[in-house]
Amino acid sequence: MYQIKFNATALNQLKQFNKYEQKRILIAIETSLKQQPNIPTRNRKILRPNLLASWELRIDKFRVFYDLNLEQLIVKIKAIGYKQNNILYIQGQEYQL
């Protein structure tokens with residue numbers, strides 16, 4: 001079972017959503033990333049090389065970006081944002097992957 005760790009930036013980004021959205025995101029992280037976060041699924045994929053993270057978890061319009069430490073079984077949540085149409089927003093700012 002993987003341990004999930006949030007960096008300070010991701011925690012601040014999570015707090016920008018309302019309580020219902022926060023709970024929904026946290027439940028999805030817990031259910032999708034505790035076991036086998038390194039296996040691509042319909043809502044989980046490996047990203048092309050970028051400065052943000054290696055993996056993306058899709059929760060409807062929300063996006064959770066994370067890296068893995070396979071030796072220590074740690075999922076590091078690095079950023080949380082949302083997509084509107086084809087534009088990704090992180091902390092209210094447009095972000096290009």
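Computed from the coordinates by the stated procedures, all read-outs in this text should not be read as laboratory data. Model, not experiment: these values are computed from the prediction. Cβ sites come from the backbone with ideal geometry, for glycine too, and all protein chains shown count toward neighbours.
Here is a check on your reading of the model: is Ile29 surrounded by 17 or more Cβ atoms within 10 Å (Cβ to Cβ), out of contact with any His (no Cβ under 7 Å at 6 or more places or on another chain) and closer than 21 Å to Asn85 by Cα? Step through it out loud before you land on a result.
Numbers: surrounded by 17 or more Cβ atoms within 10 Å (Cβ to Cβ): yes; out of contact with any His (no Cβ under 7 Å at 6 or more places or on another chain): yes; closer than 21 Å to Asn85 by Cα: no.
In short, no.
If you scan the stretch 8-17, which residues turn out to be in contact (Cβ under 8 Å) with a residue 12 or more places away in the chain, more than 11 Å from the chain's Cα centre (by Cα) and either closer than 15 Å to Leu33 by Cβ or not in a loop (DSSP other than H, G, I, E, B) (or both)?
Once the filter is applied, which keeps residues that are in contact (Cβ under 8 Å) with a residue 12 or more places away in the chain, more than 11 Å from the chain's Cα centre (by Cα) and either closer than 15 Å to Leu33 by Cβ or not in a loop (DSSP other than H, G, I, E, B) (or both), the stretch 8-17 yields Thr9, Asn12.
Please enumerate the residues belonging to the stretch 39-71 that are touching a Leu at 6+ places or on another chain (Cβ under 7 Å) and part of a loop (DSSP other than H, G, I, E, B).
Residues satisfying the conditions are Asn43, Leu47, Asn50, Leu52, Ala53, Ser54.
If you check Leu11, Leu57, which single one turns out to be buried (at least 17 other Cβ atoms within 10 Å of the Cβ) and not aromatic (Phe, Trp, Tyr)?
Values: Leu11 fails: buried (at least 17 other Cβ atoms within 10 Å of the Cβ).
After applying the criteria, what remains is Leu57.
Any idea which of Arg24, Arg44 is over 12 Å from the mean Cα position of the chain (by Cα) and either basic (Lys, Arg) or under 18 Å from Ala10 (Cβ atoms) (or both)?
Working: Arg44 fails: over 12 Å from the mean Cα position of the chain (by Cα).
The conditions single out Arg24.
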